[in-house]
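Worksheet: one structure, shown below.
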Amino acid sequence: MPSVTIVDHPLVQHKLTLMRRKETPTAEFRRLVREVAMLLGYEITRDLPLTTVSVETPLMETEARVLAGKKLCIVTILRAGNGLLDGMLDLLPSARVGHVGIYRDPTSLQAVEYYYKVPQDIAERPVIVVDPMLATGNSAAAAIARLKRDGANDLRFACLLAAPEGVGHFHEAHPDVPIFTAAVDHGLDDHGYILPGLGDAGDRIYGTR
Ligand code: URA
């Protein structure tokens, strides 16, 4: 069954509101994205499997738990995904990283891929795909389809904001991939921007407008 988890932790909601404000300066916006990424990452990784190892504390030997299996891979959808990537890597410093370059054709709003590089063994790793805005869902669905063609089969998608249209489209294409978001907003405007949203996430992270 498709699932959407809205991470409604008070810290996430407070930081999201600060990000929505148009007066929030670039440096603060970037810092907030990074912080929210860590908090989303905490929820997304909640069901990772654990195994037991022996360790010696300063007092005695004991059995203790560590993450099982191969290291996670975080896949960022360029360029706005990189804002979330930084926070995820703060939380998961040993994670591998993949990059998918996809832009939205401004007329058709369809996804066009221009770059793709992921670890060769992606099929054996849990994968978190990050992109701040799940608007039409076209880019996210295209990125996941590409990763599935490389054998990825343990996938999660993380964003800051989603539109109901994006969630619908994404889940039609990938009902097996859970979405984690800080909020689901009202809808899209004629240019595919999320309303009320926070504007163009890439421009706000990198100060390009
Ligand atoms: N991409 C953005 O950066 N913002 C939106 O609202 C929609 C897509």
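The values are calculated or read from the model by the stated rules, or taken from the named source; none is laboratory data. Computed from a predicted structure; not experimentally measured. Note: ideal-geometry Cβ built from the backbone for every residue, glycine included; neighbour counts use all protein chains shown. Side chains included, ligands, DNA and RNA excluded: accessible areas come from the protein's heavy atoms. Shrake-Rupley method; radii C 1.70, N 1.55, O 1.52, S 1.80 Å.
Close Cβ contacts (under 8 Å, 6 or more residues apart or on different chains) running from residues in region 127-145 that are under 13 Å from TYR103 (Cα atoms) to residues that are more than 13 Å from the ligand (Cβ to nearest atom) and assigned to a loop (DSSP other than H, G, I, E, B) comprise ASN138/GLN110; ALA141/HIS174. Of LEU84, LEU18, all but one fail to be in contact with a helix residue (DSSP H, G or I) (Cβ under 9 Å, 6 or more places away or on another chain) and more than 25 Å from GLU124 (Cβ to Cβ); the exception is LEU18.
Residue pairs whose Cβ atoms lie under 8 Å apart, sitting 6 or more positions apart in sequence or on different chains, and linking a residue in region 180-209 that is closer than 21 Å to TYR42 by Cβ and within 8 Å of the ligand (Cβ to nearest atom) to a partner that is assigned to a loop (DSSP other than H, G, I, E, B) and open to solvent by less than 40 Å² (accessible area, probe 1.4 Å), are ALA201/ALA80; ALA201/PRO132. Looking at the structure I just gave you, is GLY166 in contact (Cβ under 8 Å) with a residue 60 or more places away in the chain and either charged (D, E, K, R) or within 14 Å of the ligand (Cβ to nearest atom) (or both)? Considered against the rule, which asks whether it is in contact (Cβ under 8 Å) with a residue 60 or more places away in the chain and either charged (D, E, K, R) or within 14 Å of the ligand (Cβ to nearest atom) (or both), GLY166 comes out as no.
Does VAL4 satisfy the criteria of being surrounded by 14 or more Cβ atoms within 10 Å (Cβ to Cβ) and not charged (D, E, K, R)? Explain how you work it out, then say what you get.
Working: surrounded by 14 or more Cβ atoms within 10 Å (Cβ to Cβ): yes; not charged (D, E, K, R): yes.
It is true that VAL4 is surrounded by 14 or more Cβ atoms within 10 Å (Cβ to Cβ) and not charged (D, E, K, R).
Return yes when PRO132 is open to solvent by less than 10 Å² (accessible area, probe 1.4 Å) and under 20 Å from PHE29 (Cβ atoms) and no when it is not.
Details: open to solvent by less than 10 Å² (accessible area, probe 1.4 Å): yes; under 20 Å from PHE29 (Cβ atoms): yes.
Spelling it out, PRO132 is indeed open to solvent by less than 10 Å² (accessible area, probe 1.4 Å) and under 20 Å from PHE29 (Cβ atoms).
Considered as a group, the residues in region 138-169 that are over 13 Å from the mean Cα position of the chain (by Cα) and over 23 Å from ALA95 (Cα atoms) include one that is surrounded by the most Cβ atoms within 10 Å (Cβ to Cβ), and that residue is GLY166.
Filtering GLU35, GLU28 for residues that are surrounded by 11 or more Cβ atoms within 10 Å (Cβ to Cβ), free of Cβ contacts under 8 Å to residues at least 40 places away in the same chain and not in a strand (DSSP E or B) leaves a single hit, GLU28. Quick one: would you say LEU78 is over 21 Å from VAL177 (Cβ atoms) and not small (Gly, Ala, Ser)? Against the criterion (over 21 Å from VAL177 (Cβ atoms) and not small (Gly, Ala, Ser)), LEU78 does not qualify.
Name every residue in region 123-163 that is β-branched (Val, Ile, Thr) and near the ligand (Cβ under 10 Å from one of its atoms), in order of residue number. Steps first, please.
Going through region 123-163, the residues β-branched (Val, Ile, Thr) turn out to be 127-130, 136, 144.
Once the filter is applied, which keeps residues that are β-branched (Val, Ile, Thr) and near the ligand (Cβ under 10 Å from one of its atoms), region 123-163 yields only THR136.
Of the residues making up region 71-105, those that are under 23 Å from THR208 (Cα atoms) and open to solvent by 20 Å² or more (accessible area, probe 1.4 Å) are LEU78, ARG79, ASN82, ASP86, HIS99, TYR103, ARG104, ASP105.
For the subset of region 170-179 comprising residues that are in contact with a strand residue (DSSP E or B) (Cβ under 9 Å, 6 or more places away or on another chain) and of a type outside the set (A, V, I, L, M), which member is farthest from the ligand (Cβ to nearest atom)? Spell out how you get there, then give the answer.
Start the filter on region 170-179 by keeping residues that are in contact with a strand residue (DSSP E or B) (Cβ under 9 Å, 6 or more places away or on another chain), which leaves 170-171, 174, 176-179.
Retained after the next criterion (residues that are of a type outside the set (A, V, I, L, M)): 170-171, 174, 176, 178.
On the way: PHE170: 13, HIS171: 18, HIS174: 18, ASP176: 24, PRO178: 21 Å.
Result: ASP176.
Criterion first (without any contact (Cβ under 8 Å) to a residue 24 or more places away in the chain and more than 15 Å from the chain's Cα centre (by Cα)) does ASP121 satisfy it? The answer is no for ASP121. Filter region 187-196 down to residues that are farther than 22 Å from ALA37 by Cα and open to solvent by 20 Å² or more (accessible area, probe 1.4 Å) and give me whichever is farthest from the chain's Cα centre (by Cα). So, considering only residues that are farther than 22 Å from ALA37 by Cα and open to solvent by 20 Å² or more (accessible area, probe 1.4 Å), the one farthest from the chain's Cα centre (by Cα) is ASP190.
Within region 61-81, work out how many residues are part of a loop (DSSP other than H, G, I, E, B), aliphatic (A, V, I, L, M) and touching a residue at least 60 places away in the same chain (Cβ under 8 Å). Quick ask: steps written out before the conclusion?
Keep residues of region 61-81 that are part of a loop (DSSP other than H, G, I, E, B), which gives 68-72, 79-80.
When the remaining residues are screened for being aliphatic (A, V, I, L, M), the result is 68, 72, 80.
Pick out the ones that are also touching a residue at least 60 places away in the same chain (Cβ under 8 Å) and you get 80.
Counting residues in region 61-81 that are part of a loop (DSSP other than H, G, I, E, B), aliphatic (A, V, I, L, M) and touching a residue at least 60 places away in the same chain (Cβ under 8 Å) gives 1.
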